[in-house]
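> Have a look at this one.
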Number of protein chains: 4
Amino acid sequence: MGMIGGGFGAFIGDAHRRASRICNEFELVGGMFDPDLEKNKKFAAAEGISPDRCYRDVDSLIKSELALPAGNRIELVSIVTPNAFHYPYAKSLLGAGFHLVCEKPMTMTVEEALDLEKTVAEKKLTFALTHTYTGYPMIRQMRELINKGLLGNIQRIDAQYYQGWINSIIYGTESRITGVWRLDPKQAGVSSCMGDIGVHAFNLIEYTTGLEIKEILSDLSPVKDDVKLDLDGTVLLRFGKNLKGVIRASQVCAGEENGLTIAVYGSKASLKWAQENPNYLYMLSDTEPTRIFKPAHGYNGKAAESGHTMPAGHPEGIYEALANIYRGVAKSIRGEAFDPGEFPTVHDGVRGMKFIHSVVESNRKGNVWVKI
Amino acid sequence: MGMIGGGFGAFIGDAHRRASRICNEFELVGGMFDPDLEKNKKFAAAEGISPDRCYRDVDSLIKSELALPAGNRIELVSIVTPNAFHYPYAKSLLGAGFHLVCEKPMTMTVEEALDLEKTVAEKKLTFALTHTYTGYPMIRQMRELINKGLLGNIQRIDAQYYQGWINSIIYGTESRITGVWRLDPKQAGVSSCMGDIGVHAFNLIEYTTGLEIKEILSDLSPVKDDVKLDLDGTVLLRFGKNLKGVIRASQVCAGEENGLTIAVYGSKASLKWAQENPNYLYMLSDTEPTRIFKPAHGYNGKAAESGHTMPAGHPEGIYEALANIYRGVAKSIRGEAFDPGEFPTVHDGVRGMKFIHSVVESNRKGNVWVKI
Amino acid sequence: MGMIGGGFGAFIGDAHRRASRICNEFELVGGMFDPDLEKNKKFAAAEGISPDRCYRDVDSLIKSELALPAGNRIELVSIVTPNAFHYPYAKSLLGAGFHLVCEKPMTMTVEEALDLEKTVAEKKLTFALTHTYTGYPMIRQMRELINKGLLGNIQRIDAQYYQGWINSIIYGTESRITGVWRLDPKQAGVSSCMGDIGVHAFNLIEYTTGLEIKEILSDLSPVKDDVKLDLDGTVLLRFGKNLKGVIRASQVCAGEENGLTIAVYGSKASLKWAQENPNYLYMLSDTEPTRIFKPAHGYNGKAAESGHTMPAGHPEGIYEALANIYRGVAKSIRGEAFDPGEFPTVHDGVRGMKFIHSVVESNRKGNVWVKI
Amino acid sequence: MGMIGGGFGAFIGDAHRRASRICNEFELVGGMFDPDLEKNKKFAAAEGISPDRCYRDVDSLIKSELALPAGNRIELVSIVTPNAFHYPYAKSLLGAGFHLVCEKPMTMTVEEALDLEKTVAEKKLTFALTHTYTGYPMIRQMRELINKGLLGNIQRIDAQYYQGWINSIIYGTESRITGVWRLDPKQAGVSSCMGDIGVHAFNLIEYTTGLEIKEILSDLSPVKDDVKLDLDGTVLLRFGKNLKGVIRASQVCAGEENGLTIAVYGSKASLKWAQENPNYLYMLSDTEPTRIFKPAHGYNGKAAESGHTMPAGHPEGIYEALANIYRGVAKSIRGEAFDPGEFPTVHDGVRGMKFIHSVVESNRKGNVWVKI
């Protein structure tokens, strides 16, 4: 396994490395961790990477690795750079035959996303998009319970993703705002809040329900006049006749840490889950006591159970969720059977890009309905 | 004190009677509890009401009571009928000089609401609209903390009111739907979900923040083809530049009991409260541990403290919240000083009616922005 | 209904009055609210009691009320004085044929308790001891679920009652300690913590399980050298072979408000409840998702359902719990059928006194087993 | 790093391997994973261990590794066998100069424990006992807040460890009971419940408060007649004058998963923590709102902060707690500065063995006080 991005100070790169070690399926042997060559080398050394596999750019990584014997070369590359680099790097690496794990949002434009989807299909490679939250056992259990039809008619879907961390930036000095890549359209793309976190809520909805959102209407806000992208917004959802929903996302809710929640309401029962307490899945009914599903119990389905390794009551967290995705990727690369829910695919990436761009379009046009 | 409506089987009338007894400011001495004369008499007897003050209609109540000496007659009338009767009865009773407590929604139309507001002003009578949730101590504390400016810039407001009870009706026999007055436009008005519960969320927002919602955009759903009113909906809110929010309400969320919540997010701190656990108010901050405010503590303001009579840790509930409103009404009738937050007024009723009608209008026009 | 004690500043007397009004079965018409005659009169006036039924002592209450026609006189007397007065007043009032509601602990000694039990049996009067927490719907549901045998073999019982309010007294000035009747053995009896709150935990165990505690071993602490009674303690419990348990109680746990909890663990399932969130009853199992029982649902038994009047999700609290006990008392006085769980009896009072005295004895003798 | 025990089906060995990979300080290069040679080899192969470092016993591991150049040989050995093997293996390995991580309980007897303590001191080696829960950031924060004196006088300490998993064994077939090593005194030692889990509660108390428990009085139960060891018990604690406490532990509480909790109550404030929701630390006070400390915030001390690597709101769990301990061990081996709280030492192991044996002695002698 190799890595692009994720050098000193990059928390998401560190998360990918830990997750790959937890699942014990991959060994990090090379990469390009930082565009600054010195930092790149230092970081590689600190991680115990051989200097000759610390590459100055993606092209040299491809060239050198392909020159190695098949059994020795990097099989999987994880792309954990700022958003703007996802597409070009992914395109090159897929072209050269590498399997990929890519951070979301997958690309900057819908066209790029569609192009990657085509490339993955042609090359028959494994491509996983790290909507990490799909790796939680109780999210997988939620998907299974819904798929079994236990909710009756699904009647309302409500997802939330609230954070507050960006307050410290937008109320800091001016240079803070300009210095944060997530607030720079060139690096982050057309959206901050919806592109970074709203899209996770979108993905969880489609992942757990198996439904497609058909149309959206959004109202976004930069919150402060000197901010160029959305930091807050609400998106009305339509799935078809008589099924509506909402996604609420914000980066300016002081004190909210990583408040991703999803609730799917049916005519017979409903399911609720919150990321900050990921080992609790609530099933509500009008006629039965509320039930709390937890990991490591025989009453769960296989997907939930295989994603939790400790006995019941020993909490696992976000790293283990990401490790579950890496384990699915390993199965796919080896050609083993795996459940389609074991990792988000390039198609989920396409859906996500369509969502982000539709949301921005709806808002720009004056809060009108836009088809996804 | 007298009562209109609230006979056998009417839970809200019973709640008003209990609340008035808890605060110990009023004695129920007469009323018209049921349009069916026999049931009316039976109910009055069961409540220990003198038969000669069990009236066949509102006019006879007015006439007979006014004939009594001032000290003996009913001072306050509580109107707890289906929605359509609120306005005509309130109009007559105010005209005759009675103070009123009225269930919400206050009227069927905005015009009626404005007319009542004018009448109350002219007559200088006390008029309380029972947005009961404003009687909870921690809601009053929330109002005070916001009013003190502790949140910094308010940046997002999110309120929810989810219930599931109507599933048993809409999936029952056809006659069930037609037999429920809340689903009959003639009795319930233009809206079911927004008129019955969404308006509570609206009221809590304006009550706790002191802000006015300027514009709304709604998307409502009857959920089933044979239902004539909205049972579910989302309302986008705008309060002014850079402050947006959302109200989410539904009566078809299986297993949700009375899921009213409100969150007000600021640049410095945020506040969250949920009706089902009303004695917990959460204050979030990016830099401090989350704080939980509870009743019966010296750190609370006067409005919160006076609304809880037991020592800390002895839970009080919805009846006590309503009793707090009745106590405020008693103060007002006696001409004592009281805090403007002690009971919702006819003006809150006007705001509520404008909200309900704006929401219905926005939805009917294709989900466009409508001024409140 | 009449009342002894409960004048200005007495929170428990106020609670009894509110509860009696909520259930709407009694009207407070007379009493002796304060041993200070002036305060007594002022308080009676403030409550709207006729001056000629504001009595200077219990004897004059008895004499005057018995002189009234049967239908007009006080039927039920609530005794809400400091502990030392419970027995003599109860004895006199029972002797004169009054039904009683009495605060706990019922008496100062076990002998007094047994004497009252004998008197109640002889006089065939209704006697209710206000272990208020037995009035909560979910405690009644807990009793029913256990009684149905759903837990399998009961294997462990654990109850807790933690408060912190006494810290402000014992770390205040010396006069504060001497001025609080709960810390004065002459007024409070042999125990502070176990007599005031530990006994509630004891009662809940016997109430919900129907089991009798056979033996106890206690370790108590005054916490500070200048305190004469226990403020903290742990009590080991034995119910019979292979069933043990524990009661933990303290008045010096800073920040604990009214932390009464009970957990009954069985071989098949377990039940957990906490007074501060009284509308949630948790049923745990090794093989099924945890279930949360809440009031106002068809899945509850009759005792739980009749104790909650609002629809699901509208929280009721401690006043309603106490009102449920008063309603049971009314049924008993009228000779109606009632469930034995509707109010704690004089026998529960005897058990409680035995518990308190056994606990003190065990501690005094050096933490040895004592039979109850 | 090498490992003794932890082959197929051993969850705790797997946990140690994952933790060592997460902290990225160690590489597993050899060991003796199973006394069955075939299983041992198979397991080593599955883990990618070189066959020549898969040893048939501890002696051959020592001999072969010592024959390797210093830089290549195993530095640290993790002992994750059944309890009876901890002491002999630890003794041999320390004698040969290996640093150790050892599962608890450390030994079978107090004498063995004292002997290991002496050996560690003489050899100046690093020895960590995996009381894993001390690796949680909020437990480290709890220790720091107490150490700073924020609680005032500590007045009561209450720890609980409830599980239910053993029900399925003791109510299974007879062979199940005899087949489980934890229920066999030869393999598990003198205690099941207190030795396996009660000792964790004991350790957390001494770890977080820095206090020593002086005396205990216990009441244990085998729960079923055919069980030879305690499955349930309560332990009264004395720390000195006016400070008492309790440890409650059980393996027969149906539905309890891994219910370890600790509460330390002071005169000014109190702290509460529960293992199943390890990222929440509650600070209670009589005069301030309850505060919730969470990881990844500037308000925490260094020990808590360094133990959580993700941003706030991204839950980390038990594996990360264990990884924190391994990271401390690595620092110690390298001779870097580290906080004494970074890993439990051989002295904690001695204290634990004394606790277990005192508890068993107190129970055997008829529930009397025994000095630790």
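The values are calculated or read from the model by the stated rules, or taken from the named source; none is laboratory data. Not measured: the values here are computed from a predicted model. Every residue, glycine among them, receives a Cβ derived from its backbone with ideal geometry; neighbour counts consider all protein chains shown.
> Read through the list (1) surrounded by fewer than 23 Cβ atoms within 10 Å (Cβ to Cβ); (2) modelled with pLDDT of 95 or more; (3) more than 7 Å from chain B (Cβ to nearest Cβ), then give the number of the only condition that residue A:235 fails.
(1)
> State all residues of segment D:216-252 that are among the charged types (D, E, K, R) and part of a strand (DSSP E or B); if no residue qualifies, say none.
Pass one, segment D:216-252, residues among the charged types (D, E, K, R): D:219, D:224-226, D:228, D:230, D:232, D:238, D:241, D:244, D:248.
Of everything in segment D:216-252, those that are among the charged types (D, E, K, R) and part of a strand (DSSP E or B) turn out to be D:219, D:232, D:238, D:244, D:248.
> Only one of these conditions is not met by residue D:185: (1) more than 8 Å from chain C (Cβ to nearest Cβ); (2) at pLDDT below 95; (3) under 30 Å from residue C:150 (Cα atoms). Which number is it?
For residue D:185, the failing item is (3).
> Starting from residues that are of a type outside the set (Ser, Thr, Tyr) and touching a strand residue (DSSP E or B) at 6+ places or on another chain (Cβ under 6 Å), keep the ones in segment B:354-369 and report whichever is farthest from the other protein chains (Cβ to nearest Cβ). Break it down into steps so the answer makes sense when it comes.
Step one: filter segment B:354-369 for residues of a type outside the set (Ser, Thr, Tyr), giving B:354-357, B:359-361, B:363-369.
Okay, now just the ones that are also touching a strand residue (DSSP E or B) at 6+ places or on another chain (Cβ under 6 Å), so B:359, B:361, B:363, B:367, B:369.
On the way: B:359: 13, B:361: 16, B:363: 11, B:367: 6, B:369: 7 Å.
So the residue we want is B:361.
> In segment B:38-71, how many are under 26 Å from residue C:21 (Cα atoms) and basic (Lys, Arg)?
Qualifying residue count for the region: 4.
> Identify, please: which residue in segment B:238-271 is of a type in the set (Lys, Arg) and buried (at least 21 other Cβ atoms within 10 Å of the Cβ) and is, among those, farthest from the chain's Cα centre (by Cα)? Please lay out each step first, then the result.
To start, the set of residues in segment B:238-271 that are of a type in the set (Lys, Arg) comprises B:238, B:241, B:244, B:248, B:268.
Cutting the leftovers down to buried (at least 21 other Cβ atoms within 10 Å of the Cβ) gives us B:244, B:248.
Working: B:244: 24, B:248: 17 Å.
Out of the qualifying residues, it is B:244.
> Test each condition in (1) touching an Asp or Glu at 6+ places or on another chain (Cβ under 9 Å); (2) buried (at least 24 other Cβ atoms within 10 Å of the Cβ); (3) in a loop (DSSP other than H, G, I, E, B) for residue C:195 and report the one that comes out false.
(3)
> Okay, moving on. Whether any residue in segment D:281-301 is of a type in the set (Ser, Thr, Tyr), surrounded by 22 or more Cβ atoms within 10 Å (Cβ to Cβ) and closer than 30 Å to residue D:356 by Cβ is what I want to check.
Within segment D:281-301, not a single residue is of a type in the set (Ser, Thr, Tyr), surrounded by 22 or more Cβ atoms within 10 Å (Cβ to Cβ) and closer than 30 Å to residue D:356 by Cβ.
> Filter segment A:247-258 for residues that are within 7 Å of another protein chain (Cβ to nearest Cβ) and among the hydrophobic types (A, V, I, L, M, F, W, C); which is nearest to residue B:254 (Cα to Cα)? Walk me through it before giving the result.
Start the filter on segment A:247-258 by keeping residues that are within 7 Å of another protein chain (Cβ to nearest Cβ), which leaves A:248, A:250, A:252-258.
Narrowing the set further to residues that are among the hydrophobic types (A, V, I, L, M, F, W, C) leaves A:252-254.
Values: A:252: 31, A:253: 29, A:254: 31 Å.
Among those that are within 7 Å of another protein chain (Cβ to nearest Cβ) and among the hydrophobic types (A, V, I, L, M, F, W, C), it is A:253.
> Quickly run through segment B:259-285 and pick out the residues that are more than 19 Å from residue A:248 (Cβ to Cβ), within 10 Å of chain A (Cβ to nearest Cβ) and part of a strand (DSSP E or B).
Once the filter is applied, which keeps residues that are more than 19 Å from residue A:248 (Cβ to Cβ), within 10 Å of chain A (Cβ to nearest Cβ) and part of a strand (DSSP E or B), segment B:259-285 yields B:269, B:283, B:285.
> Okay, next question. Residues in segment C:286-303 that are touching a helix residue (DSSP H, G or I) at 6+ places or on another chain (Cβ under 6 Å) and more than 7 Å from every other protein chain (Cβ to nearest Cβ): how many?
Number satisfying all stated conditions: 4.
> Of A:48, A:71, A:31, A:97, which residue is out of contact with any Leu (no Cβ under 8 Å at 6 or more places or on another chain) and on the phi > 0 side of the Ramachandran plot? Steps first, answer last, please.
Numbers: A:71 fails: on the phi > 0 side of the Ramachandran plot; A:31 fails: out of contact with any Leu (no Cβ under 8 Å at 6 or more places or on another chain); A:97 fails: out of contact with any Leu (no Cβ under 8 Å at 6 or more places or on another chain).
On inspection, the qualifying residue turns out to be A:48.
> Does segment C:101-117 contain at least one residue that is in a loop (DSSP other than H, G, I, E, B) and either without any contact (Cβ under 8 Å) to a residue 24 or more places away in the chain or farther than 24 Å from residue C:356 by Cα (or both)? Before you say what the answer is, go through the steps one by one.
Filtering segment C:101-117 down to residues in a loop (DSSP other than H, G, I, E, B) leaves C:103-109.
Pick out the ones that are also either without any contact (Cβ under 8 Å) to a residue 24 or more places away in the chain or farther than 24 Å from residue C:356 by Cα (or both) and you get none.
So far as segment C:101-117 goes, no, none of its residues is in a loop (DSSP other than H, G, I, E, B) and either without any contact (Cβ under 8 Å) to a residue 24 or more places away in the chain or farther than 24 Å from residue C:356 by Cα (or both).
> Let me ask you something else. Where residues in segment C:172-189 are free of Cβ contacts under 8 Å to residues at least 40 places away in the same chain and outside any helix (DSSP H, G or I), which of them is surrounded by the most Cβ atoms within 10 Å (Cβ to Cβ)?
Looking at residues that are free of Cβ contacts under 8 Å to residues at least 40 places away in the same chain and outside any helix (DSSP H, G or I), I get C:180.
> Can you find even one residue in segment B:146-158 that is over 30 Å from residue A:162 (Cβ atoms), of a type outside the set (D, E, K, R) and not in a strand (DSSP E or B)?
Of the residues in segment B:146-158, the ones over 30 Å from residue A:162 (Cβ atoms) are none.
There is no residue in segment B:146-158 that is over 30 Å from residue A:162 (Cβ atoms), of a type outside the set (D, E, K, R) and not in a strand (DSSP E or B).
> Quick test of your reading of the structure: residue D:319 fulfils all but one of (1) in a loop (DSSP other than H, G, I, E, B); (2) of a type outside the set (A, V, I, L, M, F, W, C); (3) touching a helix residue (DSSP H, G or I) at 6+ places or on another chain (Cβ under 6 Å); (4) at pLDDT 95 or above. Name the failing condition by number.
The number of the failed condition is (1).
> Under the condition of being away from chain C (no Cβ under 14 Å) and small (Gly, Ala, Ser), which residue from segment D:193-220 is nearest to residue C:241 (Cα to Cα)?
Within segment D:193-220, the match that is nearest to residue C:241 (Cα to Cα) is D:195.
> Mind checking which residues of segment D:322-357 are closer than 15 Å to residue D:100 by Cβ and either in a loop (DSSP other than H, G, I, E, B) or free of Cβ contacts under 8 Å to residues at least 60 places away in the same chain (or both)?
The answer is D:343, D:344, D:345.
> Against the condition surrounded by fewer than 23 Cβ atoms within 10 Å (Cβ to Cβ) and either closer than 22 Å to residue A:320 by Cβ or among the small types (Gly, Ala, Ser) (or both), how does residue D:307 come out, does it pass?
On the way: surrounded by fewer than 23 Cβ atoms within 10 Å (Cβ to Cβ): no; either closer than 22 Å to residue A:320 by Cβ or among the small types (Gly, Ala, Ser) (or both): yes.
Judged against the criteria, residue D:307 is not a match.
> Let me ask something additional. Of all residues in segment C:310-337 being more than 20 Å from residue C:78 (Cα to Cα) and away from chain B (no Cβ under 13 Å), which is surrounded by the fewest Cβ atoms within 10 Å (Cβ to Cβ)? First the steps, then the outcome.
Narrowing segment C:310-337 to residues more than 20 Å from residue C:78 (Cα to Cα): C:310-317, C:336-337.
Checking the rest, the ones that are also away from chain B (no Cβ under 13 Å) come to C:336-337.
On the way: C:336: 9, C:337: 6.
So, considering only residues that are more than 20 Å from residue C:78 (Cα to Cα) and away from chain B (no Cβ under 13 Å), the one surrounded by the fewest Cβ atoms within 10 Å (Cβ to Cβ) is C:337.
> Quick one: in segment A:124-171, which of the residues that are aromatic (Phe, Trp, Tyr) and under 19 Å from the mean Cα position of the chain (by Cα) is farthest from the other protein chains (Cβ to nearest Cβ)?
Looking only at segment A:124-171, we keep the residues that are aromatic (Phe, Trp, Tyr), and these are A:127, A:133, A:136, A:161-162, A:165, A:171.
In the following step, the residues that additionally are under 19 Å from the mean Cα position of the chain (by Cα) were identified as A:127, A:133, A:136, A:161-162, A:165.
Values: A:127: 24, A:133: 10, A:136: 10, A:161: 11, A:162: 8, A:165: 7 Å.
Looking at residues that are aromatic (Phe, Trp, Tyr) and under 19 Å from the mean Cα position of the chain (by Cα), I get A:127.
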